[in-house]
Amino acid sequence: MALKITVIGTGYLGATHAAAMAELGFDVLGLDVVPEKIEMLSAGKVPMYEPGLEALLRKHVAGIEGSSGRLRFTMSWEEVGDFGDVHFVCVNTPQKQGEYACDMSYVDAAFESLAPQLRRAALVVGKSTVPVGSAARLATRLAELAPAGAAAELAWNPEFLREGFAVQDTLHPDRIVVGTESERAEKLLREVYATPVGEGSPFVVTDFPTAELVKTSANSFLATKISFINAMAEVCEAADGDVVKLAEAIGYDERIGSKFLRAGIGFGGGCLPKDIRAFMARAGELGADQALTFLREVDSINMRRRGHMVELARDAVGGGFLGKRVAVLGATFKPDSDDVRDSPALNVAGQIHLQGGQVMVYDPKGMDNARRLFPTLGYADTALDAARGADVVLHLTEWREFRELDPAELGEVVAERLVLDGRNALDPLRWREAGWTYRAMGRPRA
Ligand code: UDX
């Protein structure tokens, strides 16, 4: 009999994981406590923009014409408890209000609701990013609450998916990491992931704390790499060097590698910033805070980028934003996503607005979310409209659409042909040839 799988929490991670599990051939039941989400997903709609996810969902959601029917959604914990052999907990762990630590209330609530429904042998698998030590605590809670007793077990299986590549990362992961305490748990997870493992994804078995730490240390490394190149950008600016050339040159060294070396306005989103902060907070609790003090610097280099972009723009328009029109291209924290959480682009747009600039924002997918978060900014329907009458154009999220803009056409509608590239992603030559002054972070002024 094929394993039956449940997925608890159907946000970014959960919705993608549920659809991917159905794609791998399992019968899947997804649960969420928000009725609107269940309604949407049951109708084959995804509440966010993620390339390929809606198509995958529609391929499997029961009741949709031509679907495999392997994927259903519910709000009933009892149904989930009866249905599943393996339960994936995919709820989010945001940063706590007013402190660095992560908010475990959704994870805790999920365990408190699920465990009493586990009347038969089952494996609960945590996927959420949690502070190290959480799995051991939750295993104890599971043992206390589950009617099945020791037959209800826990494993930890962190998730590394990137927004914009969520489907691909879930179906063809770089690696699968499982923290387990028994052979039975490992065997079940090998069964769940037989397809990607068969295709060559490494399967790494660890204890609980190591599995939890793999996730936070991977994100800390990525954040550090970005802040490293941004620190080099600061030095390049001071010394008249070119950080893009520098990144290319050091990237040829295989030990360094060229990925995640794009200097600009830095990282944002729902993961990297809060994960490094939660990691520092947890290390402090464990008495290992000294080991992670460098992450404080990583965080502050990153946050400085946003302020620096605002300064560059202020200088470019003559020292003050009052009465100046500023076009902002990009609102999401990265391209191919509609996510504006802790978005460097919106942060820069917001600061300029607060300093008196008239800001017009355009983003290919993030407009609704941006409007909700920053209703006081101006919004335009196209890049061209945003640029109309602008004294300066800021390129803040590296969407392909912006790389493909025609600088000559844009040049017709602006007040000044002045573009600041906050992502080092536009082609300076193309813009300069069309009569623009092109400036970027960490690059010489030509
Ligand atoms: C990240 C991790 O990559 C992923 O493995 C983990 O599961 C969740 O967190 P994500 O939040 O989707 O994924 O974003 P990511 O692609 O890592 O980008 C994060 C931020 O860094 C973006 O704002 C991006 O614009 C920025 N970035 C990335 C840079 O500024 N420079 C780079 O070279 C790369």
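The values are calculated or read from the model by the stated rules, or taken from the named source; none is laboratory data. All values reported here derive from a predicted model rather than from experimental measurement. Glycine gets a Cβ as well: all are built from the backbone with ideal geometry, and neighbour counts include every protein chain shown. With ligands, DNA and RNA removed, areas are computed over all heavy atoms of the protein, side chains included. Shrake-Rupley method; radii C 1.70, N 1.55, O 1.52, S 1.80 Å.
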Fill in: Of all residues making up the stretch 63-85, the number that are of a type outside the set (D, E, K, R), surrounded by 16 or more Cβ atoms within 10 Å (Cβ to Cβ) and more than 25 Å from the chain's Cα centre (by Cα)
8
Practice prompt. Within the stretch 130-162, track down each residue that is open to solvent by 20 Å² or more (accessible area, probe 1.4 Å) and not hydrophobic (A, V, I, L, M, F, W, C).
Written response: Pro131, Gly133, Arg137, Thr140, Arg141, Glu144, Pro147, Gly149, Glu153, Glu159, Arg162
Discussion item. Considering only residues that are away from the ligand (no atom under 12 Å from the Cβ) and either of a type in the set (Asp, Glu) or outside the structural domain of Gly366 (by TED's automatic domain parsing) (or both), which ones fall in the stretch 246-276?
Written reply: Glu248, Asp253, Glu254
Item to complete: For Ser217, state whether it is within 16 Å of the ligand (Cβ to nearest atom), farther than 20 Å from Thr129 by Cα and not hydrophobic (A, V, I, L, M, F, W, C).
Response: no
Worksheet item: Assuming Met232 fulfils every condition listed in (1) open to solvent by 40 Å² or more (accessible area, probe 1.4 Å); (2) in a loop (DSSP other than H, G, I, E, B) apart from one, which condition is it?
Response: (2)
Fill in: Residue satisfying all of: in the stretch 388-446; more than 16 Å from the ligand (Cβ to nearest atom) and of a type in the set (Asp, Glu); least open to solvent (accessible area, probe 1.4 Å) among these
Asp391
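Can you tell me how many residues in the stretch 381-414 are aliphatic (A, V, I, L, M), in a loop (DSSP other than H, G, I, E, B) and either touching a Cys at 6+ places or on another chain (Cβ under 6 Å) or over 20 Å from Gln355 (Cα atoms) (or both)? Quick ask: steps written out before the conclusion?
Of all residues in the stretch 381-414, those aliphatic (A, V, I, L, M) come to 383-384, 386-387, 390, 392-394, 396, 405, 408, 410, 413-414.
Narrowing further to those that are in a loop (DSSP other than H, G, I, E, B): 390, 396, 405, 414.
When the remaining residues are screened for being either touching a Cys at 6+ places or on another chain (Cβ under 6 Å) or over 20 Å from Gln355 (Cα atoms) (or both), the result is 405, 414.
Final tally of qualifying residues: 2.
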Fill in: Filter pass, Ala2 being modelled with pLDDT under 95, farther than 30 Å from Trp399 by Cα, surrounded by fewer than 23 Cβ atoms within 10 Å (Cβ to Cβ) and not aromatic (Phe, Trp, Tyr)
yes
Item to complete: Restrict the check to the stretch 33-42 and report whether at least one residue is open to solvent by 50 Å² or more (accessible area, probe 1.4 Å) and not in a helix (DSSP H, G or I).
Response: yes
